[in-house]
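The values are calculated or read from the model by the stated rules, or taken from the named source; none is laboratory data. Predicted model, so just to flag it, every value in this text is computed and none were measured. Every residue, glycine among them, receives a Cβ derived from its backbone with ideal geometry; neighbour counts consider all protein chains shown.
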Amino acid sequence: MNKKVEIKAHGKVILIGEHSVVYGYNALALPIQALNISTTVEETAGPTWMDTNHYHGAFFDAPDEYDGIKYIVKTMLAKVADAPNVKITYSGEIPIERGLGSSAVVALGTTKALSQFLNLNLDHDEIMEITNHAEMINHGKASGLDAATVSSDYLVFFNKQDGPQQLSQKLGATLLIMDTGELGNTKVAVQAVKKQMDESDLKKKQITRLGELATATQENWLKQNAKEIGKIFNEAQSILASFDLSTKKIDNICKIANENGALGTKLSGGGLGGIVIALCLDQETAQKIAKKAQANFDNYWIEEI
């Protein structure tokens, strides 16, 4: 057994296909290396313990929002005889409930760190199975996209039938990622979409269209056609807004970005708050938009894609 293990995992943004991916359609997501969380596991003489920016205390007394991690720890410790009590420390910051993959990052980091600490040497598929189950606990009906992307260093094209495929090619554009500061709620958003789909054939068709737009994004990505992807982003945003997943702040950011040179702008993730992404031709345009829209967001990142 190792005395101390530290694992770092990075966040992500969904480019397109959020919500439709839950129903088997396509989605694309991008790993964001600048956003990461380190998970450290070490033995402790006291009770199994968790130390995070938001909770410090006995692991299994943690609030319900940590149920996914509790599942991981119980599952991993059950794999060894005379399992030790452990202290798990999370450091770094990925804003929560923003669609940046924070729960998947923590789930992946916890599983990998415990696998090493306990000398279990789980393979990639075993680690992903446990990570995805934790995400199901966290989100109700998780697609697996978050877990696939936070474990990848490349753009991920994903559907539930075929699983993740990596695209190493660059688009040759710039992505501006803006945090509205509004907490999204993936579970509530997924349930709201399901309810509307159950009640409306039009809504089912719109979800199918989101899947088609994701496939079109992949095709245009391979052609490095950023302008067409921008148009696709705008159509996707209209569909997501029709499900009441947008907010006034998201709408404002989209309007400002598109008026100041963005090729296209949309929410990213579950919606009801969270992140807005603007596709830009270059850094200069991204910085200009960030300056113009700064009253509407808490933080931003720029990624060359």
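Out of 264, 273, 269, report the one residue that is within 18 Å of residue 17 (Cβ to Cβ), assigned by TED's automatic domain parsing to the domain that holds residue 208 and modelled with pLDDT under 95.
Matching residue, one of 264, 273, 269: 269.
Scan region 70-82 and give yes if some residue there is surrounded by 22 or more Cβ atoms within 10 Å (Cβ to Cβ) and either under 20 Å from the mean Cα position of the chain (by Cα) or free of Cβ contacts under 8 Å to residues at least 40 places away in the same chain (or both), otherwise no.
Yes, some residue in region 70-82 is surrounded by 22 or more Cβ atoms within 10 Å (Cβ to Cβ) and either under 20 Å from the mean Cα position of the chain (by Cα) or free of Cβ contacts under 8 Å to residues at least 40 places away in the same chain (or both).
In region 248-280, what residues are among the polar types (S, T, N, Q) and touching a residue at least 40 places away in the same chain (Cβ under 8 Å)?
Once the filter is applied, which keeps residues that are among the polar types (S, T, N, Q) and touching a residue at least 40 places away in the same chain (Cβ under 8 Å), region 248-280 yields 252, 268.
Can you report the number of residues in region 52-69 which are farther than 16 Å from residue 130 by Cβ and buried (at least 16 other Cβ atoms within 10 Å of the Cβ)?
Qualifying residue count, region 52-69: 3.
Go through region 74-88 and give me each residue that's of a type in the set (Val, Ile, Thr) and in contact with a strand residue (DSSP E or B) (Cβ under 7 Å, 6 or more places away or on another chain).
If the condition is that a residue be of a type in the set (Val, Ile, Thr) and in contact with a strand residue (DSSP E or B) (Cβ under 7 Å, 6 or more places away or on another chain), then 86, 88 are the ones that fit.
Which members of region 2-23 meet the condition of being among the hydrophobic types (A, V, I, L, M, F, W, C) and surrounded by fewer than 24 Cβ atoms within 10 Å (Cβ to Cβ)?
5, 7, 22
From the residues in region 191-201 that are in a helix (DSSP H, G or I) and among the polar types (S, T, N, Q), which one is farthest from residue 19 (Cα to Cα)?
Result: 196.
Given (1) buried (at least 22 other Cβ atoms within 10 Å of the Cβ); (2) closer than 25 Å to residue 187 by Cβ; (3) touching a residue at least 60 places away in the same chain (Cβ under 8 Å), where does residue 113 come up short, assuming only one miss?
All conditions are met except number (2).
Just checking: which of the strands (runs of 3 or more DSSP E) contained wholly in region 202-305 hold 1 or more residues that are among the charged types (D, E, K, R)?
Fully inside region 202-305 and qualifying: 264-268, 299-304.
Every residue in region 22-62 that is of a type in the set (Phe, Trp, Tyr) and at pLDDT 95 or above, please.
Within region 22-62, just 49 meets the criteria.
Which of the following residues is of a type in the set (A, V, I, L, M, F, W, C) and touching a Ser or Thr at 6+ places or on another chain (Cβ under 7 Å): 256, 277, 239?
Exactly one of 256, 277, 239 is of a type in the set (A, V, I, L, M, F, W, C) and touching a Ser or Thr at 6+ places or on another chain (Cβ under 7 Å), namely 277.
Which ones in region 10-23 are among the small types (Gly, Ala, Ser) and touching a strand residue (DSSP E or B) at 6+ places or on another chain (Cβ under 6 Å)?
Across region 10-23, the qualifying residues are 11, 17.
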